[in-house]
1. In the range 97-132, what residues are part of a loop (DSSP other than H, G, I, E, B), modelled with pLDDT of 95 or more and open to solvent by 10 Å² or more (accessible area, probe 1.4 Å)?
2. Go through ILE291, ILE312 for me and flag whichever is of a type in the set (Val, Ile, Thr) and buried (at least 22 other Cβ atoms within 10 Å of the Cβ).
3. Of a type outside the set (S, T, N, Q) and either over 26 Å from ASP307 (Cβ atoms) or open to solvent by 20 Å² or more (accessible area, probe 1.4 Å) (or both), is that true of ALA262?
4. Identify, please: which residue in the range 69-79 is of a type outside the set (S, T, N, Q) and within 15 Å of TYR117 (Cα to Cα) and is, among those, most open to solvent (accessible area, probe 1.4 Å)?
5. Within the range 385-434, how many residues are within 18 Å of ALA341 (Cα to Cα), of a type in the set (Gly, Ala, Ser) and open to solvent by less than 30 Å² (accessible area, probe 1.4 Å)?
6. So which of ARG365, ARG456 is open to solvent by 40 Å² or more (accessible area, probe 1.4 Å) and over 22 Å from the mean Cα position of the chain (by Cα)?
7. Would you list the helices (runs of 4 or more DSSP H) that sit entirely within the range 139-256 and hold 2 or more residues that are over 20 Å from the mean Cα position of the chain (by Cα) and under 27 Å from TYR117 (Cβ atoms)?
8. Evaluate the following for GLY272: is it more than 16 Å from the ligand (Cβ to nearest atom), open to solvent by less than 20 Å² (accessible area, probe 1.4 Å), closer than 23 Å to ARG230 by Cβ and not hydrophobic (A, V, I, L, M, F, W, C)?
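The values are calculated or read from the model by the stated rules, or taken from the named source; none is laboratory data. Bear in mind the structure is a predicted one, so any value in this text is a computation, not a measurement. Ideal geometry is used to build each Cβ from the backbone, glycine not excepted, and the neighbour counts take in all protein chains shown. Areas reflect the complete protein model, heavy atoms only, side chains present, ligands, DNA and RNA absent. Shrake-Rupley method; radii C 1.70, N 1.55, O 1.52, S 1.80 Å.
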Amino acid sequence: MTTTERTRTYWLEHAWLGTHVEPGVALTVSVSGSAAGRDGRITAVHQGTPAPPPGAEILRGLTLPGLANAHSHAFHRALRGTVQVGSGTFWTWREVMYSVADRLTPESYHELARAVYAEMALAGITAVGEFHYVHHAPGGTPYADPNVMGEALIEAAAEAGIRITLLDTCYLSSGFGEPPGAHQLRFSDGTAEAWAERCSVLKERDHARIGAAVHSVRAVPADQLATVARWAEERRAPLHVHLSEQTAENDGCREAHGRTPARLLADHGVLGPRTTGVHNTHLTDEDIALIGGSGTGTCMCPTTERDLADGIGPAAALQSAGSPLSLGSDSHAVIDLLEEARAMELNERLRTRTRGHWTTAALLRAATADGHAALGWDDTGTIEAGARADFTTIALDSVRTAGPLPRLGAETAVFAATAADVRHTIVGGRHVVRDGAHTLVPDVPQALARAVSALRA
Ligand SMILES: [Zn+2]
């Protein structure tokens, strides 16, 4: 394996530097000789470069740090469209979701995830947090390699050119004191100890980190929560948990344990600065203080939360209490982090009938640096020397984005652009998307169609 270093120069017509749009920025990026490597870092940022230096790769439009999709269940992409027919609740939606989970194999999941992660790259996403719980064969029998499903996801991300944090999820029960149901057998390792033993075999690599997840307080018995928390603590790994997405879950938790999910998680050592609560929707004032005061993050998934009729979580109050915010496309009703960012602000506007709860800079921080930090990629998500060379360029000359002054490019990107405006995506200093086309997966729509139809058969 060669270790030769090479230097590349990117010229950014406009760059988001965390506080403002800067015109004419040249980035020097150092990458290793390995063609598949994703290890490139920004070594210098030259502002005041009005014209591209000779030999530079030219990125026209507004270049943002790479977007982090902090909460994903890749297989839910197969439900798009299907679940929009008829009425119901989260719980009826879940039945349809389980029917797809039943059909996944290591091969079909790899094929679907590769296409879904390629769709993410086309949307400017450079890192995904995959909340992964379909571990075993239907009925719960482990595969010959008990991590074959997780490995399929890690491999899919490599082939689609993005980073992944595999949040290997502990899922042991169907409800408080209830064994797993028929559909859930393949999610369960039996005990948190067995879960920990299986996950300990997973190895990190250039593009992949390993983290942990507690599916929810209904899926992990209270006396086993500490085992998962300890596993993450020992590795200083990210730990995610679905937290208070549904009121029925809160009611069940109060009945079984006499306290809220947030209180239960706090009492068993699950909350803390490396932990992220996903959704954090139905909270008491004490819950907000517990989450914020412990530095636990909040991953909002607004397009899923509205799609599943979950409700609107108190993101602004959580952030004020000390909880860093990140964003995820979760069920992939759509994959568009710009939409997630603006939806968080727009939901709050609808609820309060006032505007401007977050600045554009704060929304972009959730979509970039804080999202990466929630996934354990602390050195990613900013355009500065030393950061990983992960960035994405949004067109400012499309039908959606043409018109505003370039210095308002960030407002335009967050409040008017869509994933369709993503022109380039660079991961580790290498183009994964160039001029709107994926460089590694030749026909992403066809790959999605093929993978989804295989799961419908
Ligand atoms: Zn989820």
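1. THR105, the sole residue that qualifies.
2. ILE291 is the lone residue from the list that is of a type in the set (Val, Ile, Thr) and buried (at least 22 other Cβ atoms within 10 Å of the Cβ).
3. no
4. Initially, the range 69-79 is screened for residues of a type outside the set (S, T, N, Q), giving 70-71, 73-79.
This time we only want the ones that are within 15 Å of TYR117 (Cα to Cα), so: 70-71, 73-78.
Working: ALA70: 0, HIS71: 0, HIS73: 5, ALA74: 0, PHE75: 4, HIS76: 7, ARG77: 34, ALA78: 6 Å².
Looking at residues that are of a type outside the set (S, T, N, Q) and within 15 Å of TYR117 (Cα to Cα), I get ARG77.
5. Summing the residues that are within 18 Å of ALA341 (Cα to Cα), of a type in the set (Gly, Ala, Ser) and open to solvent by less than 30 Å² (accessible area, probe 1.4 Å) in the range 385-434 gives 6.
6. Numbers: ARG365 fails: over 22 Å from the mean Cα position of the chain (by Cα).
Within the list ARG365, ARG456, the selection yields ARG456.
7. On the way: elements: 148-160, 192-199, 222-235.
Once the helices (runs of 4 or more DSSP H) in the range 139-256 are filtered for at least 2 residues that are over 20 Å from the mean Cα position of the chain (by Cα) and under 27 Å from TYR117 (Cβ atoms), what remains is 192-199, 222-235.
8. On the way: more than 16 Å from the ligand (Cβ to nearest atom): yes; open to solvent by less than 20 Å² (accessible area, probe 1.4 Å): yes; closer than 23 Å to ARG230 by Cβ: yes; not hydrophobic (A, V, I, L, M, F, W, C): yes.
Considered against the rule, which asks whether it is more than 16 Å from the ligand (Cβ to nearest atom), open to solvent by less than 20 Å² (accessible area, probe 1.4 Å), closer than 23 Å to ARG230 by Cβ and not hydrophobic (A, V, I, L, M, F, W, C), GLY272 comes out as yes.
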